[in-house]
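*Asks:* One structure, as structure tokens, below. Some questions next.
Only the coordinates and a few stated rules stand behind these numbers; no lab work does. Quick caveat: nothing in here was measured; it's all calculated off a predicted structure. Cβ atoms come from the backbone with ideal geometry, glycine included; neighbour counts cover every protein chain shown.
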Amino acid sequence: MNQKTASIWGFILYTDFFLGALGGGLLVLGSLATLFFDPGMVNAVPFIAAVAVMGIGTALLVIELGVPIKAWRVFTNPRSFLMIGASLMTASMGLALLLASFYLPGLPWRHSSSLQNIIALLAASTGFGVAFYPGLLLGGMTGRPFWKGPLLAPLFLLSGLSTGAAFYCLLGLIWPVSQQAAYWFLKSMNLFLLVIQIIGWTTYLFIKKAQCPPRELISWKAVFAGQRNLVFWIGFVGFGLVVPFVLYLLPIELFTTFAHCFVLFGALIMRGFVVTADRGVSLGF
């Protein structure tokens with residue numbers, strides 16, 4: 001994908017990145033729960049939700065490509081990053097549906113724990129790939145100094161797992177997707193993921209400022225000037241990382257629910273900030 005294409009990326013694409021990572025995170029956590037939790041702690045809901053959010057993300061990507069009727073051509077170029085992403089998304093949705101089928105009555109394979117575990121391992125792998133892929137895609141584009149390098153991909157992966165855990169818990173407010181022990185495990189895991197993201201983003205920005213050539217230093221200063229600076233530090237770091245971390249520590253269920261919502265909000269803000277970095281335009285919020 002060339003620099004001209006990247007220069008027009010906006011709301012649709014970073015929302016697709018957000019939904020894809022959210023679905024991938026849900027699939028990873030649901031698959032790991034299938035492998036390691038008591039069967040009573042898991043049901044079809046997280047897998048169906050993963051398919052739904054990834055499906056919406058895929059639809060947005062098709063719209064972004066501009067010619068929906070020709071979207072199938074993405075799969076015809078094996079060297080294309082888009083083909084890799086589309087294949088991961090398709091495989092993830094298929095595996096998520098298969099995992100969901102183990103919790104539906106009347107299906108002959110629903111009691112085969114070995115088959116379920118094999119599918120869960122495959123699903124966890126593709127879910128990791130879906131959450132990891134956008135950062136890898138952006139990091140490989142040398143025309144955008146703020147993106148370039150291998151560090152965006154793990155940061156996007158951490159965010160995907162964090163949003164997956166938050167959304168998994170929010171689903172529990174509507175449908176019983178887990179028992180209390182699993183819920184507290186997801187909450188504790190998200191505390192850890194928030195801390196790692198704070199450290200990771202601090203490291204990423206320090207490297208971009210301290211170890212980059214002059215052109216990238218100019219780019220760094222442009223990205224972190226004025227309103228964009230406030231969007232990142234207040235919108236993502238403040239409300240998306242620090243505030244939910246504090247709320248998770250408070251023993252009040254309503255605050256925990258707000259924390260889940262802030263995690264999702266911050267992750268969307270972060271992807272919008274990263275995708276539109278270096279180009280000097282509004283994020284559209």
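*Asks:* Given H placed 1.01 Å from N in the peptide plane, which residues other than close sequence neighbours of GLY172 have an amide H under 5 Å from its amide H?
*Replies:* Here the answer is VAL177, since their amide H atoms fall under 5 Å of that of GLY172.
*Asks:* In whole Hz and in residue order, list the ³J(HN,Hα) couplings for region 105-118 that follow from phi through the Karplus curve 6.51 cos²θ - 1.76 cosθ + 1.60, θ = phi - 60°; x for Gly and Pro.
*Replies:* Along region 105-118, the couplings run x, x, 8, x, 8, 5, 9, 8, 5, 5, 5, 4, 5, 5 Hz.
*Asks:* Provide the packing ranking of 91-102, 122-133, i.e. peptides ordered by the mean count of other C-beta atoms within 10 Å per residue, highest first.
*Replies:* Values: 91-102: 20.8, 122-133: 23.4.
The packing order, highest mean first, is 122-133, 91-102.
*Asks:* So for each of 23-33, 267-277 I average, over its residues, the number of other beta carbons within 10 Å; can you give me the resulting order with the highest mean first?
*Replies:* Top of the packing list down: 23-33, 267-277.
*Asks:* What is the calculated FRET efficiency for VAL195 to ILE12, with r their C-beta to C-beta distance and R₀ = 35 Å, to the nearest 0.05? Please list the in-between numbers first.
*Replies:* Details: r = 31 Å, r/R0 = 0.90.
Between VAL195 and ILE12 the formula returns 0.65.
*Asks:* Be a star and scan region 132-164 for residues whose amide nitrogen sits under 16 Å from the point 7 Å along the Cα-to-Cβ vector of LYS209.
*Replies:* Label zone hits: 146.
*Asks:* With a point put 7 Å past each Cα toward its Cβ, work out how far LEU107 is from LEU230 in nm, to one decimal.
*Replies:* If labels sit at LEU107 and LEU230, their model points lie 5.0 nm apart.
*Asks:* To continue, here is another question. With θ taken as phi - 60° and the coefficients 6.51, -1.76 and 1.60, list the Karplus ³J(HN,Hα) couplings across region 187-194 in order, rounded to whole Hz; mark glycine and proline as x.
*Replies:* 5, 5, 4, 5, 4, 4, 5, 5
*Asks:* With θ set to phi - 60° and the Karplus curve 6.51 cos²θ - 1.76 cosθ + 1.60, what are the ³J(HN,Hα) couplings of region 202-208 in order, to the nearest whole Hz, using x for Gly and Pro?
*Replies:* Calculated HN-Hα couplings, in order: 4, 5, 4, 5, 4, 4, 4 Hz.
*Asks:* Order by neighbour count: LEU22, LEU151, fewest other Cβ atoms within 10 Å first, most last. Working shown, then result.
*Replies:* On the way: LEU22 30, LEU151 17.
Arranged by neighbour count, lowest to highest, LEU22, LEU151 become LEU151, LEU22.
*Asks:* Hey, another quick one. 7 Å from Cα along Cα→Cβ at both SER125 and ILE56: what's the point-to-point distance in nm?
*Replies:* Once both label points are built, they end up 3.0 nm from each other.
*Asks:* Just want the ordering: VAL51, VAL246, from fewest to most Cβ atoms lying within 10 Å of their own Cβ. Can you show the working numbers first?
*Replies:* Working: VAL51 21, VAL246 13.
In increasing order of surrounding Cβ atoms, one gets VAL246, VAL51.
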